[in-house]
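Shown next, in structure tokens, is the structure this report addresses.
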Amino acid sequence: MIIYKTEEEIELIRASAKVLAQAHGEVAGMIKEGVTTRALDQRAEEFIRDHGGQPSFKGYNGFEYSLCISPNSVVVHGFPGDYQLKSGDVVSVDCGVLLNGYHADSAYTYPVGEVAPEVLKLLEETKKSLYLGIEQAVAGNRMGDLGYAIQNHVEKQGYGVVRELVGHGIGQKLHERPEVPNYGKRGAGLKLQTGLVLAIEPMVNLGTKSVIQEKDGWTIRTKDFKPSAHFEHTVVVRKDKAEILTSFEYIEKALQ
């Protein structure tokens, strides 16, 4: 069942999204060579709890961390740990916040130090594809319009769009219906209606679209071991223009 949100519920998600955006900003300020991914995870959890929230991911289906931290060829669901960031890395940080009974979810991929130009371009174009997808999240459009906008843009650059992992509805549960693929056909799929809250999250690979799951049961990696990028916003479908509830504002300030 698809759950459309009232304006009151959207305001609760917006409050979660603000704490989430600020937590991302805290993490962004720490992204540099030599920092462990565990340190990023600890800071995010501390900030979220200090602001009355809970990390959405911690305990989810047995996941033990507050962040999914996915360097280089890891697409999503990477475990924080002793890995130290090094120059040339790119690292995706995915985070969720539960506050007042409602979740928000967003992700951002960072370059560390001196990163190859073709990898920086992957990040730029993946982020651009997120906003192209969001532009289609208006009432009367179809889910396929959203997926097509993302797929069309990144495949023109020669990149691979991951098929096995998709965005999702979000609200009182972290993952709700409907699924939000990052590929599709214009005019196909679910008709979007006002009040639908979606986590839109392109996962785009420098090389093949194919991925593999590691033996830990969580970590998803590109099959050709080339880098991947992941950007995500929580968005509400509106009549004329989608409304983005999460924000990269604090990330961008931290990176200045």
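The values are calculated or read from the model by the stated rules, or taken from the named source; none is laboratory data. Since the model is a prediction, treat every value here as computed from it, not as a measurement. Cβ sites come from the backbone with ideal geometry, for glycine too, and all protein chains shown count toward neighbours. Note: accessible area is taken over every heavy atom of the protein model, side chains too, but ligands, DNA and RNA are not part of it. Shrake-Rupley method; radii C 1.70, N 1.55, O 1.52, S 1.80 Å.
When Pro111 is tested against the conditions (1) touching a residue at least 40 places away in the same chain (Cβ under 8 Å); (2) out of contact with any His (no Cβ under 7 Å at 6 or more places or on another chain), the lone failure is (1). Pairing each residue of region 140-159 that is free of Cβ contacts under 8 Å to residues at least 24 places away in the same chain with any residue that is part of a loop (DSSP other than H, G, I, E, B), provided the two are 6+ apart or on different chains, yields C-beta distances under 6 Å for Ala149/Gln136. Can you tell me how many residues in region 112-123 are buried (at least 18 other Cβ atoms within 10 Å of the Cβ) and either acidic (Asp, Glu) or not in a loop (DSSP other than H, G, I, E, B) (or both)? Counting residues in region 112-123 that are buried (at least 18 other Cβ atoms within 10 Å of the Cβ) and either acidic (Asp, Glu) or not in a loop (DSSP other than H, G, I, E, B) (or both) gives 3.
Does Gly101 satisfy being on the phi > 0 side of the Ramachandran plot, surrounded by fewer than 21 Cβ atoms within 10 Å (Cβ to Cβ) and either in contact (Cβ under 8 Å) with a residue 24 or more places away in the chain or under 19 Å from the mean Cα position of the chain (by Cα) (or both)? Yes; evaluated as a whole, the condition is true for this residue.
Counting only residues that are open to solvent by less than 10 Å² (accessible area, probe 1.4 Å) and under 22 Å from Ile200 (Cβ atoms), region 77-93 holds 5 of them. Out of Arg14, Arg43, Arg38, report the one residue that is open to solvent by 10 Å² or more (accessible area, probe 1.4 Å), touching a Gly at 6+ places or on another chain (Cβ under 8 Å) and at negative phi. Only one candidate qualifies: Arg38. Within region 173-217, can you find the residues that are in contact with a Leu (Cβ under 6 Å, 6 or more places away or on another chain) and more than 30 Å from Asp89 (Cβ to Cβ)? Residue satisfying the conditions is Pro178 alone. Within region 124-168, the set of residues being charged (D, E, K, R) and either under 13 Å from the mean Cα position of the chain (by Cα) or open to solvent by 20 Å² or more (accessible area, probe 1.4 Å) (or both) comprises Glu124, Lys127, Lys128, Glu135, Arg142, Asp145, Glu155, Lys156, Arg163, Glu164.
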